Amino acid sequence: MTLLTIEETAGSDSAASGLLRHPLLALGFRPFYLLAAAFAAVAIPVWLLRYYGLLPALVHIDLSWHAHEMVFGFAVAAIIGFLYTAGRNWTGLWTPRRGPLAAIVLLWMAGRIAMLLTQPMFAAAVDILFLPVAAVPLYRVLRQANNKRNLFLIALLLVLALCNLGFHAARSGWLQLSPLQPVHAAILVIAIIETAIGGRVIPHFTANAVTGARPVINDRRDRITLILTAGTALAWALALPAPFIAGVAAAAATAQLTRLAGWKPLCTLRNPLLWILHASYAWLVLGLILLAMSALGLASTSAAFHVLAIGAMAGLIMGMITRTALGHTGRPLHAGRAEAAMYLLIQVGVAFRLLAAAGPDGVRDAGLLLSAACWTTAFLMYAITYGPYLFNARLDARDG
């Protein structure tokens, strides 16, 4: 080996090492929040172009692709980014960063490319790997720290992985069911995660930020709410009799509403970082009500799941990816005009999507387009506003 070759190799290794030490790979929230937002901003317009026949060559973009990618592309990326960051806080141990984090991020990206451009069999082989691979290092950190309280999240990630496997099996014809059914089940699993994590952070954030607010936290009621929400998910996934689904979903909605009311949501109206969490949780309540009604044929199933997916899931994701990104980049926990606009766009967007799903036929197209415009603008604003935060080191010079 010549001296020049040795120098070139050393230079290449040094460049690779420098790239892996880039702030973007310092902690899980950085790449996953940015990619989730960018993907969300692009995927909906692409889907609508295909829906209206303007992308005929992209044969793999259909309704099942749209539903799958909003959950197993966008939402799962944000969830993993949050859990890797929260796991660091919970245990004091490092979750994946640098090289390992880059490898997991690349696997997520490979799944998105495969779902878009390759045949279903190959896309399934790539896509189903992400959740199990991403769950393993989080499990190791929790076990090492003896953090048993949060191990249930690993179980829920694996349930999401099973839902993803079910989607691919249905899409490939191995299971005789609609590919949308496993996606709907996954949305309800995410509702369980929202219930568990929301019950920890929303009243806590409210008590810390609003003088005189005393959110009610009742452990027994929280357990009942979690059980009823999980029961709703299980009943829907197993296609149990409609009256049973309606009953348990209505009970879960009642428990969720009682819980939310105790968190003093009206005290948060002047604090966007708080009201977005309360408002998004309120969409969870409405989604469960609509799910109960849809089981009895009184409401659209599409309306129920879009409220759960856009209002609750995307709303809570937007609230958390702004709040945690501010805190973990050393910035004040303050929402400016950009954040307030993002939050309002999500709320207006879900209202338009609900109108498209449940309103008269004549307003469907207008509702779809307006909802898509709100969604795309919100997540594009996030990528533009928070991209520099996520790309650069913390302002307080700490790791992460």
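The values are calculated or read from the model by the stated rules, or taken from the named source; none is laboratory data. The shown structure was predicted, so the numbers you read here are calculated from the model rather than taken from an experiment. Neighbour counts run over all protein chains shown; Cβ positions are idealised from the backbone, glycine included. For the accessible areas, the whole protein counts, side chains as well, though only heavy atoms, and no ligand, DNA or RNA atoms are used. Shrake-Rupley method; radii C 1.70, N 1.55, O 1.52, S 1.80 Å.
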Taking just the C-alpha trace of the stretch 248-332, give me its Rg and Dmax in Å. 14.6, 50
The chain: calculated mean residue ellipticity at 222 nm from DSSP helix runs of at least 4, using -39500 (n - 2.57): -24500 deg cm²/dmol
The stretch 79-210, accessible area per residue, ligands and nucleic acids excluded (1.4 Å, Å²): 42
Given Cβ point charges of +1 (Lys, Arg) and -1 (Asp, Glu) and nothing else, what value in debye, to the nearest 20, does the dipole of the chain about its Cα centre take? 1160
Can you tell me what the convex hull of the Cα atoms of the stretch 167-232 projects to on average, as an area in nm²? 5.6
Of the heavy-atom accessible surface of the stretch 149-223 (probe 1.4 angstrom), what whole percent is carbon and sulfur? 59
Restricting attention to the stretch 352-400, which trypsin sites (Lys or Arg not before Pro) occupy a DSSP loop and are surrounded by at most 12 other Cβ atoms within 10 Å? 398
Which log10 I(q)/I(0) values does the stretch 104-180 give at q = 0.25 Å⁻¹ under the Debye formula, counting every alpha carbon as one identical point scatterer? -1.10
Above 26 angstrom, tally the Cα pairs of the stretch 129-244 and express them as a % of all pairs, no decimals. 35
Heavy-atom accessible area per residue, the stretch 275-400, 1.4 Å probe: how many Å²? 38
Over all directions, average the projected area of the Cα convex hull of the stretch 271-400 and note it in nm². 8.3
Of all accessible surface on the stretch 274-400 at a 1.4 Å probe, what whole percent is carbon and sulfur? 68
Once normalised by the length of the chain, the mean sequence separation of its alpha carbon contacts under 8 Å that are 6 or more apart gives a contact order in percent of 17
Measuring from the lowest to the highest alpha carbon on each principal axis, how far does the stretch 214-355 reach, largest first, in angstroms? 50, 35, 25
Once the Cα gyration tensor of the chain is found, what semi-axes does its equivalent ellipsoid get, as square roots of 5 times the eigenvalues, in whole Å, sorted largest first? 33, 27, 21
